[in-house]
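Here's the structure, in structure tokens; my notes come after.
A short reminder: the numbers here are calculations on the coordinates, not readings from a lab. None of these values were measured; they are calculated from a predicted model. No Cβ is skipped: glycine too gets one built from the backbone with ideal geometry, and neighbour counts run over all protein chains shown.
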Amino acid sequence: MKDFTIVRKGFDTTEVDSYIVDLENELQKKDKLIEEYRGRENAINKAVIEAQLAADSIIAKAKEDAAHIRSDVTAELGGLREEALKLRANLVEFQESYNRLLRRYLYNSHCEDMTQIFDRLTQVLAETGVDVDQLSPLPEVQGEPQEGRTRHFIDPSPTTRTGTETDAHFNLDEISSALIDSKI
């Protein structure tokens with residue numbers, strides 16, 4: 001606080017008046033600063049409110065966009081799922097057709113190969129002095145495999161052989177059928 005000069009009847013009035021003017025000027029400056037700060041505070045509050053509104057709007061738009069994207073992806077996934085199911089059905093049909101074709105090919109190849117093998121074996125036996133007319137007749141070739149025919153394989157267990165057969169002898173019909181069916 002300011003010290004005033006003491007005069008006869010109290011403080012010097014000129015100094016006091018000057019000091020009061022200085023204080024009033026200082027108060028006006030402080031009031032201007034307070035008003036400026038209040039203006040800034042209002043601007044900040046307004047900016048915060050606008051930012052909050054903008055953020056709420058952005059979040060709402062993002063949620064809406066996400067819902068549309070999710071809907072589009074779900075629809076696209078459904079289309080892809082249908083396409084994959086159709087593709088799978090086509091592949092199954094192709095595999096079945098391929099298996100039928102392969103069975104026919106193997107059957108024809110097998111019959112031709114077996115005929116050639118028996119002819120060559122008969123020739124070798126004849127060359128070694130075996131009377132081929134005394135050999136048992138060759139088994140008949142079975143018809144082409146039918147659709148829906150169940151597969152079976154040779155069972156070399158002792159119950160399928162007689163006591164005089166060795167492990168290397170099987171029924172040729174069984175071998176032929178098993179080869180055709182097992183190749184597929």
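May I have the count of lysine pairs in the range 6-97 with C-alpha atoms under 30 Å apart, counting pairs 8 or more residues apart or located on different chains? Let's see the in-between values first.
Working: Lys29/Lys46; Lys30/Lys46; Lys32/Lys46; Lys46/Lys61; Lys46/Lys63.
For the range 6-97, qualifying lysine pairs total 5.
Quick one: 3J(HN,Hα) in Hz for the range 95-100, Karplus 6.51/-1.76/1.60 with θ = phi - 60°, rounded, Gly and Pro as x.
Computed from phi, the couplings for the range 95-100 are 4, 5, 5, 4, 4, 4 Hz.
Using θ = phi - 60° and the Karplus relation 6.51 cos²θ - 1.76 cosθ + 1.60, list the HN-Hα couplings for the range 59-66 in order, rounded to whole Hz, with x at every Gly or Pro.
Running phi through 6.51 cos²θ - 1.76 cosθ + 1.60 with θ = phi - 60° gives 5, 4, 5, 4, 5, 5, 4, 4 Hz.
Can I get the semi-axes of the range 6-97's equivalent ellipsoid? Compute them from the C-alpha gyration tensor as square roots of 5 times the eigenvalues, in angstrom, largest first. Could you put the intermediate results ahead of the total?
On the way: eigenvalues 1486, 15, 6 Å².
Taking √(5λ) for each eigenvalue gives 86, 9, 5 Å, largest first.
Can you compute the FRET efficiency between Ser136 and Asn90 using 1/(1 + (r/R0)^6), with r the Cβ-Cβ distance and R0 = 45 Å? Round to the nearest 0.05. Mind dumping the intermediate values first?
On the way: r = 49 Å, r/R0 = 1.09.
Once the sixth-power term is evaluated, E becomes 0.35.
Taking K and R as +1 and D and E as -1, what net charge do the other residues with C-beta under 14 Å from the C-beta of Met1 add up to?
Values: positive: Lys2; negative: Asp3, Glu15, Asp22, Glu26.
Combined, the nearby Lys, Arg, Asp and Glu give -3.
I want the local charge near Gly39. Using Cβ-Cβ distances under 11 Å, sum +1 for each Lys or Arg and -1 for each Asp or Glu among the other residues. Display every interim value, and only then the final one.
Numbers: positive: Lys32, Arg38, Arg40, Lys46; negative: Glu35, Glu36, Glu41.
Residues near Gly39 contribute +1 overall.
Cβ under 15 Å from Lys30's Cβ, Lys30 left aside: what net charge do those residues give with Lys, Arg +1 and Asp, Glu -1?
Details: positive: Lys29, Lys32, Arg38; negative: Asp22, Glu24, Glu26, Asp31, Glu35, Glu36.
Here the charged neighbours net out to -3.
Evaluate the charge dipole of the range 6-97 about its Cα centre and quote only its size in Debye, nearest 20, assuming +1 on the Cβ of each Lys and Arg and -1 on the Cβ of each Asp and Glu.
Roughly 160 debye for the range 6-97.
Apply the Karplus curve 6.51 cos²θ - 1.76 cosθ + 1.60, θ = phi - 60°, to the phi angles in the range 24-32 and return the couplings in whole Hz, x for Gly and Pro.
Couplings: 5, 4, 4, 5, 5, 4, 5, 4, 4 Hz.
First measure r as the distance between the Cβ atoms of Ile20 and Arg40, then evaluate 1/(1 + (r/R0)^6) with R0 = 35 Å and state the FRET efficiency to the nearest 0.05.
Values: r = 30 Å, r/R0 = 0.86.
Working from the Cβ atoms, E equals 0.70.
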